[in-house]
1. Got a sec to turn the phi values of segment A:134-140 into Karplus ³J(HN,Hα) couplings, 6.51 cos²θ - 1.76 cosθ + 1.60 with θ = phi - 60°, whole Hz, x for Gly and Pro?
2. Please average, across the residues of A:76-89, the number of beta carbons from any other chain that are within 10 Å of each residue's own beta carbon, and give a whole number.
3. What does the C-alpha gyration tensor say about the overall shape of segment A:221-283? Classify as rounded when a/c is under 1.5, otherwise prolate if a/b is larger than b/c, or oblate.
4. Consider a paramagnetic label point 7 Å from the Cα of residue B:18 along Cα→Cβ; state which residues of segment B:103-127 have an amide N under 19 Å from it.
5. Just add up the charged neighbours of residue B:97: K/R +1, D/E -1, any other residue whose Cβ is under 14 Å from the Cβ of residue B:97.
6. With labels modelled as points extended 7 Å from the Cα through the Cβ direction, what inter-label distance (nm, one decimal) is found for residue A:210 paired with residue B:49?
7. Over the Cα atoms of the protein assembly as shown, what Rg and Dmax result, in angstrom?
8. Pull out the extension gain between residue A:156 and residue A:16, defined as 0.36 nm times the separation in residues minus the alpha carbon to alpha carbon distance; nm, one decimal.
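FYI, it's all coordinate maths here, none of it is from the lab. Predicted model, so just to flag it, every value in this text is computed and none were measured. Methodologically, a virtual Cβ is constructed for each residue, glycine included, from the backbone with ideal geometry; neighbour enumeration extends over all protein chains shown.
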Amino acid sequence: MAVIEVSNLSKRYGDTVAVRDVSFAVEPGEIFGILGPNGAGKTTTVECVAGLRTPDSGDITVLGRSPRDPALRAEVGVQLQESQLQEKLTVREALDLYSAFYRDPADWRALAAELGLADKLRTPYGKLSGGQKQRLSIALALIGNPRVAILDELTTGLDPAARRDTWDLIESVRDRGVTVVLVTHFMEEAERLCDRIAVIDRGAVIALDTPAGLVEHAEAEQTIRFRPDKPLDDTLLTALPEVREVRHTGGRVEVVGTGNLLHAVSTVLAVHQIVAKELRLEQASLDDAFVRLTGHTDGE
Amino acid sequence: MTIFAKLTRTEIKLFLREPVGAFFSLLFPTILVAILGSIKVFRDPSPELNGLRTIDVYVGIAVALSLAMIGLQVLPMVLATYRERGVLRRIATTPVRPITLLAAQLTASVLIALVSSALCITVGYAVYDVPLAENFPGFVLAFLLCALGVFAIGLLIAALVPTGKAGNAVGTLLFFPSMFFAGLWTPREFMPDWVQRIGDFTPMGAGERALHDAMSGTWPNWLSAVVLLGYLILFGLGAARLFRWT
């Protein structure tokens with residue numbers, strides 16, 4: 001049975017449609033990504049799942065219950081975007097206080113150590129760096145030993161090293177059997193961590209697949225660059241169904257296309273006994289797939 | 001320790017870590033009593049006060065002052081800041097309801113006002129022989145009525161303002177006229193009759209009058225009690241309806 005089931009979720013604020021007809025299911029033990037540009041409706045979606053907002057229409061169940069069910073608060077850990085603590089509350093006090101909220105809390109000292117906060121226990125929240133605040137926020141989401149963790153923009157504001165550490169932590173959380181819902185607009189993060197990704201744009205799910213599946217389905221273009229050892233007749237290549245365009249720059253040839261482009265091109269070259277020197281293949285990343293799916297880059 | 005007790009203790013700790021707020025709420029009423037008591041003429045019986053000395057009256061005013069500072073300035077600022085910073089929202093994702101934090105903050109506020117009041121009553125009694133309230137249960141009743149009325153106003157401010165700064169600003173704007181009617185600058189007894197009648201219907205005017213009644217041995221008068229309960233019901237219901245957690 002799915003851990004989280006969302007069907008036909010819609011939510012509007014006044015005249016603005018934030019989320020329209022969103023459906024997805026999160027399976028036990030997976031890291032499920034919700035990826036999309038800023039303002040796409042990602043946060044609204046997870047806030048409905050976390051029971052913080054009431055949808056206008058549609059059904060949501062979390063662990064078989066309504067998101068508003070108070071019993072879920074102990075089972076679902078939530079890390080909210082832009083949710084701060086009191087300036088003068090120390091890290092130790094925050095961890096100690098929030099662990100008292102749960103019947104069966106995690107050992108907050110171990111959690112602090114795992115998140116690199118062990119030497120910051122006496123530091124007030126207001127004196128923490130952005131990354132440290134973020135890590136404390138993650139610690140508070142995990143402190144109740146939840147079965148489901150909802151993490152909204154968890155590595156925003158972290159430096160690259162801290163981001164990688166956090167990724168390791170999320171994987172270790174998943175290895176403990178926690179189902180993770182990860183909201184992000186970082187492709188690299190989604191590609192690295194997520195088992196499956198729902199791409200949300202302008203309030204609607206426009207794709208739902210594994211990271212590899214998304215790249216493939218988006219049929220992102222590939223580019224092959226090489227320097228042929230003898231003149232090359234373009235029509236040999238443009239005749240191939242995989243090839244969309246052939247360009248010459250200096251002595252180099254650039255072949256743009258989709259599908260199994262490299263195989264098709266190299267077969268033709270071999271048949272005509274042309275040797276391709278300095279061969280480079282540029283493959284699509286999730287980034288490219290994302291741009292193709294949404295028709296624009298993030299932030300536009 | 002229960003979650004509520006733990007939250008209340010945390011709120012008190014956080015309050016004490018704000019030096020300016022802690023100084024004014026906890027010590028300023030006492031310092032005021034100490035300074036006014038050192039003025040010779042304030043220690044002479046005054047016919048306008050039915051033979052009481054000015055300093056006798058000022059102890060009650062100082063108690064009202066601590067309630068007004070905590071209820072009108074500290075409380076709305078803290079609660080609006082909690083909403084602004086998403087503290088209430090974060091609590092909402094845990095098994096603890098945000099209203100528990102609100103109740104803990106209110107309890108902490110009452111405890112701080114109690115300590116502040118006890119301090120100025122003690123200094124008044126020990127240093128200037130200001131008699132303790134002759135009707136002690138009446139004094140406790142007046143203190144509670146005044147606290148409930150003024151804290152309800154503080155809650156409504158917290159419900160209406162967008163930020164902690166705005167909460168403090170609105171609270172401060174209300175604080176000065178409120179304390180004028182409570183007699184902070186001139187005891188009510190020296191005010192023209194019509195000003196006193198207006199003051200009877202203000203929260204701190206009614207509160208100070210109720211406290212004064214109990215200090216001089218009677219029960220709080222009905223008008224003040226009804227006025228304070230009215231503020232509690234009106235502003236309390238308003239706050240309950242309008243308070244946004246996020």
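1. 4, 5, 5, 4, 5, 4, 5
2. Working: counts 2, 2, 5, 2, 6, 1, 3, 10, 8, 5, 10, 5, 6, 5.
For this peptide, the per-residue mean of nearby foreign Cβ atoms is 5.
3. rounded
4. Hits in segment B:103-127 for residue B:18 at 19 Å: B:103-117.
5. Surrounding charge for residue B:97 is +3.
6. Simple spin-label model gives 8.5 nm for this pair.
7. 33.0, 121
8. Using 0.36 nm per residue and subtracting the Cα-Cα distance, I get 47.8 nm.
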